[in-house]
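Peer 1: Below: one structure in structure tokens.
The values are calculated or read from the model by the stated rules, or taken from the named source; none is laboratory data. Note that the coordinates shown come from a computational prediction; the quantities given were computed from them, not determined experimentally. So basically every Cβ, Gly included, is an ideal-geometry build from the backbone, and we count neighbours across all protein chains shown. These area figures cover heavy atoms from the full protein model, side chains too; ligands, DNA and RNA do not enter into them. Shrake-Rupley method; radii C 1.70, N 1.55, O 1.52, S 1.80 Å.
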Amino acid sequence: MIPKQKLFALIWLPSVVALLIGLALIQDKNQKDSQEQFEKLLFVSWRVAKLGYEAQAPDEEIKAKARQMTEEIGFRLTLLSEVGQVLFDSEVNGELEPHGDRPEFKAALVDKPIFVTRQSDTTGRKTMYYAQKLTDNVILRVSSPLEYFDSQRALYFRQALIATGILALAVALFSFWASQRLANVYRELSVAVTLAKKGEKDLPTFNSGELDEALFALSAANQDLLGKNQEIALLNERLEYILSKINEGVVFLSGQNIVYHNQRVEEILGCQIPESTAQIAKPEILSVFAAVKNSRLNQLKIGEKIIFFDQARQNSDKLLVIFHDMTEKEKYSSYKSDLVGNVSHELKTPLALVLGAAEVILKDPEMTRPFREKFLNTLYRNAQRLNSLLDDLISLHELESRPEALAEEGQLSELIEEIKELVEPSGKIPGDKVPNDKTIEWLYDPVTIYFQSAHVISVLTNLVNNAIKYSKGPKIVVEARLKDHYLQISVADSGPVIPDSERDRIFERFYSMSRSRNRDRSGSGLGLAIVKHIARIYHGQVRLTENDMGGNTFWVFLTSPKDFS
Amino acid sequence: MEFMEIDIQNIKEKLSEMSVLVANMYMDAIRSLTVHDEVLAREVIGRDQEADTMALEIDEMCLRFLARYAPKAAELRFVVAILRLIVELERVGDHSKVMAKQALKYHLAPTLKSLPEFGEISILPYQMLSEAMDAFLGGWPEKFKILEKTDETVGALQKSLNESLVALIKKDTARTGSAIALINIIRRLERIADHAKNIAEMVPYLTVGEVAKG
């Protein structure tokens, strides 16, 4: 916004300068004109004096007249001889020094008379001189002091100055009014433009067609722009939302600059993404971008993570990179192949034994009874093992696919008795090579519980069987207690301790087969997986800790379906 | 000037790739030891060649940088530090290769079960290496003081592990081979920790031109 003072100065100052320049020009012209006029006057008086001289009037009379003229109007006549001797002077009586060095005299001598303005040596005043030859040896000089002329000029100048001053004042008043007016218009206009920018439709009007039209055009253009902006912002927001929700990390690179990246990239790479790859200080992350740039690989490993990436080049230095976190997928696929391998292996082994035994019996019909019994026993045992494995697989599959928890009333003590029969004295699986030489201590409250009894039995048998098979110590403690809202089951053995790294994985299917635990202690390898699934359908959890006996305690917490919220 | 920055960035990126390669070699060598994965061990041995090639490439890049820009002050120190750094990284790769070879030769998993401290001593040098590289690229000159402490921990662990292994040899002579292999591996781990410390010690030189000595 232009302030009023500035507007005022903008109008007024140039006007005043123009006025002053006019004044100076007039003054100059005026001076020239008046000088010319004075010169003419001086010349005329010289001519008059010449006439007098030529009239041959008595000398004294002329001299007296000349003196009178000098007295009355200040014109002074001087007669000079050809050598500069003063013959007569109308102002000064008596002797005067020779005037041979005066410029007007010298000019007259060569018949080129001039007007000369200078300080008079005789009178000491500023005087204008004119001299010309009367005869060959007499020169007449006329002169007049310039005081009157000067004073006239000064007066004239003063008047011009006053006029100029008055004019300047008038211009100032006009400027003031105009600046006020302009500033008002300007302010209104800027208010209107601000409103137009904000997208206001109702704009003030000015009584000027052009202004109103311009303002209208501006407002329309602005409306248009605002609309487009909104559209773009909306699109942007939508795009940002989509990119923030997808499971892939997206990075857009322009040379070294990271123009865009979504949140997911930071999760996948596990670090903050700066604005330029030059600011990355983590070697792992920097190597990712180096690999991306050189597109040598499309799979990377950062610590435990496996990252795939795809890229699309927009042009030579603009690059869109999409990161996929494949860690879980890779883990799952290796888990799956392990599982398939394990299942087929576990099925194959007893099946091979069944087939082998059956084949021997078939091929040798004359076989003696004890031999036949031995092979039949093998056959039966392995068929049983196959059966129990398939049972476990089926029950696990059921737990996984149709998980439902039923509140079935039952006595804990009855359930425990049932389990005791299953695990004592021979173990659950008929034909198991491992003898049960362990003492089992049963601790429980004689209470009524509301769980599907098959599930509770399954949890306890699996845990107890597990302890019988894998622990080396002599003692197993089984405890079942009903707490506020849940049933707490714990099975403690006396070692060896399962290392930390295996504690989570032990609940995976077939874990015992594939890892450290002893292979010849047969079990389906599904027991703990079944326990975990049962815990899950009762909103509970499983836990594994070390205990005082130097072994492991498996904890299972089951919430009664009655208490499900 | 801009070209110089791009070249510096390229060197940094290549260096990062090498450090990640070497760190992965290291981790995979340890894994091949603990779970006795022979395929992985062979892969680690194969990757050593790759690390050496990469070191040569970085070497070449540094020399070209020197020839092209005749760098001064920070840039010169950067190149000098990189030239020293790749030697350290290459050594780490070599140690990893040796460890992988031991994994091929001996079935160490059962012996390792009785050495819970091995878990710690196998992970500490990796962390040190990773922190040292972070310090190098991020320009944190104070890091080496922390790493010196970790290095001491590694030293103490080495001592205690060696004692356990000697005791094991006395008790079970059948395991002498594995125990010696492990002593050897632990020495390699300790050397890797040293290399990590060396890398961190270069950082003060890189950033302010001072030589750290510890």
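Peer 1: Could you work out what % of the accessible surface of chain B is carbon and sulfur, using a 1.4 angstrom probe and leaving DNA, RNA and ligands out of the count?
Peer 2: Carbon and sulfur atoms account for 56 percent of the accessible area of chain B.
Peer 1: Which length gain, in nm to one decimal place, applies between A:D504 and A:A214 when the Cα-Cα distance is subtracted from 0.36 nm times their residue separation?
Peer 2: Result: 96.9 nm gained on full extension.
Peer 1: A further question follows. Counting Lys and Arg as +1 and Asp and Glu as -1, what is the net charge of the other residues whose Cβ lies under 13 Å from the Cβ of A:L146?
Peer 2: Around A:L146, the surrounding residues sum to +2.
Peer 1: Could you work out the longest stretch of chain B that avoids the GluC sites (Glu not before Pro) located in DSSP loops with at most 14 other Cβ atoms within 10 Å?
Peer 2: Result, exposed sites excluded: B:1-141.
Peer 1: Run lengths n ≥ 4 of DSSP H only: what is the helix-derived mean residue ellipticity at 222 nm for chain B, with -39500 (n - 2.57) per run over all residues, to the nearest 500?
Peer 2: Theoretical 222 nm ellipticity from helices: -31500 deg cm²/dmol.
Peer 1: A:K29: which lysines have alpha carbons under 24 Å from its alpha carbon, excluding same-chain residues fewer than 8 sequence positions away?
Peer 2: Those lysines meeting the cut-off are A:K40, A:K126.
Peer 1: Report A:R313's accessible area, 1.4 Å probe, all protein chains in place, as a number in Å² to the nearest 10.
Peer 2: A:R313 exposes around 130 Å² with every protein chain in place.
Peer 1: Per residue, how much accessible area does the range B:3-208 show when a 1.4 Å probe rolls over the protein heavy atoms, in square angstrom?
Peer 2: Solvent-accessible surface per residue comes out at 43 Å².
Peer 1: Averaging the inverse of every distinct alpha carbon separation and then flipping it gives the Kirkwood radius. What is it for the protein assembly as shown, in angstrom units?
Peer 2: Averaging 1/r across every pair of different Cα atoms and inverting gives 38.9 Å.
Peer 1: Roughly how big is the A-B contact, given as buried accessible area in Å² (both sides, 1.4 Å probe, nearest 100)?
Peer 2: Separately minus together, A and B give about 1600 Å² buried.
Peer 1: For chain A, what does -39500 (n - 2.57) per DSSP helix run (n ≥ 4), summed and divided by total residues, give at 222 nm, in deg cm²/dmol to the nearest 500?
Peer 2: -18500 deg cm²/dmol
Peer 1: Compute the accessible area per residue over chain A, keeping the other protein chains in place, probe 1.4 Å, unit Å².
Peer 2: Accessible area per residue, chain A: 59 Å².
Peer 1: Whenever you get a sec, compute what percent of the accessible area on the range A:252-395 sits on carbon and sulfur atoms (1.4 Å probe).
Peer 2: The C+S portion of the solvent-accessible surface of the range A:252-395 is 57 percent.
Peer 1: Under unit Cβ charges (Lys, Arg +1; Asp, Glu -1), what dipole magnitude, rounded to 20 debye, does the range B:3-208 have relative to its Cα centre?
Peer 2: 600
Peer 1: Something else now. In nm, to one decimal, how far is the modelled label at A:S413 from the one at A:K112, with both set 7 Å along Cα→Cβ?
Peer 2: For A:S413 paired with A:K112, the spin-label model returns 15.9 nm.
Peer 1: What are the GluC sites (Glu not before Pro) within the range A:78-125 that DSSP puts in a loop, where the Cβ has at most 16 other Cβ atoms within 10 Å?
Peer 2: Here the GluC sites (Glu not before Pro) that fit, given the DSSP loop and packing criteria, are A:E82, A:E95.
Peer 1: Using θ = phi - 60° and the Karplus relation 6.51 cos²θ - 1.76 cosθ + 1.60, list the HN-Hα couplings for the range A:221-234 in order, rounded to whole Hz, with x at every Gly or Pro.
Peer 2: Rounded to whole hertz, the list is 4, 5, 4, 4, 4, 4, x, 4, 4, 4, 4, 4, 4, 5.
Peer 1: Determine the alpha carbon to alpha carbon distance for each of A:K197/A:K228; A:K301/B:K105; A:K65/A:K106 and list only those over 18 Å.
Peer 2: A:K301/B:K105; A:K65/A:K106
Peer 1: Counting pairs of alpha carbon atoms under 8 Å apart in space and at least six apart in sequence, what relative contact order in percent does chain A give?
Peer 2: 8
Peer 1: Probe 1.4 Å, all protein chains in place: accessible area of B:R191 in Å², nearest 10?
Peer 2: 90
Peer 1: Note the full-extension length gain between A:A221 and A:A163 as 0.36 nm times their separation in residues minus their Cα-Cα distance, in nm to one decimal.
Peer 2: Fully extending the segment from A:A221 to A:A163 adds 15.7 nm.
Peer 1: Using the alpha-carbon centroid of each, what span in Å lies between the range B:141-163 and the range A:87-113?
Peer 2: 123
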